[in-house]
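The values are calculated or read from the model by the stated rules, or taken from the named source; none is laboratory data. Bear in mind that the values here come from a model prediction, so they are computed numbers and not experimental data. All Cβ positions, even for glycine, are placed from backbone atoms using ideal geometry, and neighbour counts span all protein chains on display.
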């Protein structure tokens, strides 16, 4: 075989190292039955927080549907969260990735981040078509008119509050698609998930496992529910025959230890992201505030009770598996990190409301 016979346009081609078919059955380009010529090179730019990256993944299904034999690259700050078998190239945000991208020609670039660095990069990349956000005349701009409304709702709270579309409907429109309930995808460590399945079955004795995610990060503290209400919820779930499990990250570790002791409920500790996902995969239902857990539970197709106060309720797509619970009176602190009032409206959400909602989801009865 001569070098000129190499099929550089094959989806399996990996540059200077053997492709997967070659490793599996010794195939070489001259007579390879696995040859898949790339028809489109697509780049997705979604740097953002982990949750934002997860809730952008439904685009993959639509892109695969429309663009057969597409080579998809994804630039992100959160490479570990993405499903490796659904994307040809997952790129961390670093100097090497930026250099490579600026010297690669794409058919399509979709940038869904409004951060300056993402928009500047979009303006510099060579592509036949660009969707989402770019940089022009010294400021953020829309690649096409379809992205202009999303820019305006970011500039002005009043316009954001008028929005009645979910985030997924918005990003699909920005990408010139129609959202048809395409699902989230996420990287799940199957071996780790199986190990936790054994542990959970042993601990729960066959009871329905309900994950109680008690944190939400420091950015919007108005999302936090009180420790007293978490304890009340755990006790109520136990009385009804469920197996509640406190969940959270490092920031919630001490709090979850207190809650676990006060409610005599299981708390496994805090773990790296892949193990946190594996644990969540072994919950039947999840209760959470608006945070990364919401997206993880959605991706894993869990029953979800979601507490929301400061965000537009139309934003969330729960795929018919969730119930959104807000305060009895509408929140007056839209996207606020501090509450205007003495008692945050998050505290007006009652434990019994959350428990009843979870029962409705898990048992299928109102």
Failed condition for residue 1, given (1) surrounded by 16 or more Cβ atoms within 10 Å (Cβ to Cβ); (2) in contact with a helix residue (DSSP H, G or I) (Cβ under 9 Å, 6 or more places away or on another chain); (3) more than 30 Å from residue 166 (Cβ to Cβ)
(1)
Counting only strands (runs of 3 or more DSSP E) entirely within the range 4-93, those with at least 2 residues that are over 18 Å from the mean Cα position of the chain (by Cα) are 40-45, 70-76
Identify, by number, the condition in (1) at pLDDT 90 or above; (2) out of contact with any helix residue (DSSP H, G or I) (no Cβ under 6 Å at 6 or more places or on another chain); (3) farther than 19 Å from residue 358 by Cα that residue 259 doesn't meet.
(2)
Being modelled with pLDDT under 95 and either outside any helix (DSSP H, G or I) or under 26 Å from residue 189 (Cα atoms) (or both), is that true of even one residue in the range 346-357?
yes
Residue under question is residue 134, and the condition is that it be part of a helix (DSSP H, G or I), buried (at least 18 other Cβ atoms within 10 Å of the Cβ) and either in contact with a strand residue (DSSP E or B) (Cβ under 7 Å, 6 or more places away or on another chain) or not assigned by TED's automatic domain parsing to the domain that holds residue 316 (or both); does it hold?
no
Restricted to the range 103-131, and to residues that are touching a helix residue (DSSP H, G or I) at 6+ places or on another chain (Cβ under 9 Å) and within 25 Å of residue 12 (Cβ to Cβ), which residue is surrounded by the fewest Cβ atoms within 10 Å (Cβ to Cβ)?
126
Whether any residue in the range 150-167 is outside the structural domain of residue 64 (by TED's automatic domain parsing) and more than 23 Å from the chain's Cα centre (by Cα) is what I want to check.
no
Answer with yes or no whether residue 224 is surrounded by fewer than 24 Cβ atoms within 10 Å (Cβ to Cβ) and more than 26 Å from the chain's Cα centre (by Cα).
no
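Listed residues 68, 46, 39, 84; which is in contact (Cβ under 8 Å) with a residue 60 or more places away in the chain, surrounded by fewer than 17 Cβ atoms within 10 Å (Cβ to Cβ) and in contact with a strand residue (DSSP E or B) (Cβ under 9 Å, 6 or more places away or on another chain)?
Sole residue among the options that is in contact (Cβ under 8 Å) with a residue 60 or more places away in the chain, surrounded by fewer than 17 Cβ atoms within 10 Å (Cβ to Cβ) and in contact with a strand residue (DSSP E or B) (Cβ under 9 Å, 6 or more places away or on another chain): 84.
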When you scan the range 265-279, how many residues do you find that are touching a residue at least 24 places away in the same chain (Cβ under 8 Å) and under 20 Å from residue 225 (Cα atoms)?
2
For the range 191-246, name all the residues that are under 16 Å from residue 269 (Cα atoms), modelled with pLDDT under 95 and assigned to a helix (DSSP H, G or I).
none
Which residue pairs have Cβ atoms closer than 7 Å, lie 6 or more positions apart in sequence or on different chains, and pair a first residue in the range 294-313 that is assigned by TED's automatic domain parsing to the domain that holds residue 159 and within 14 Å of residue 57 (Cα to Cα) with a second residue that is in a loop (DSSP other than H, G, I, E, B) and modelled with pLDDT under 90?
none
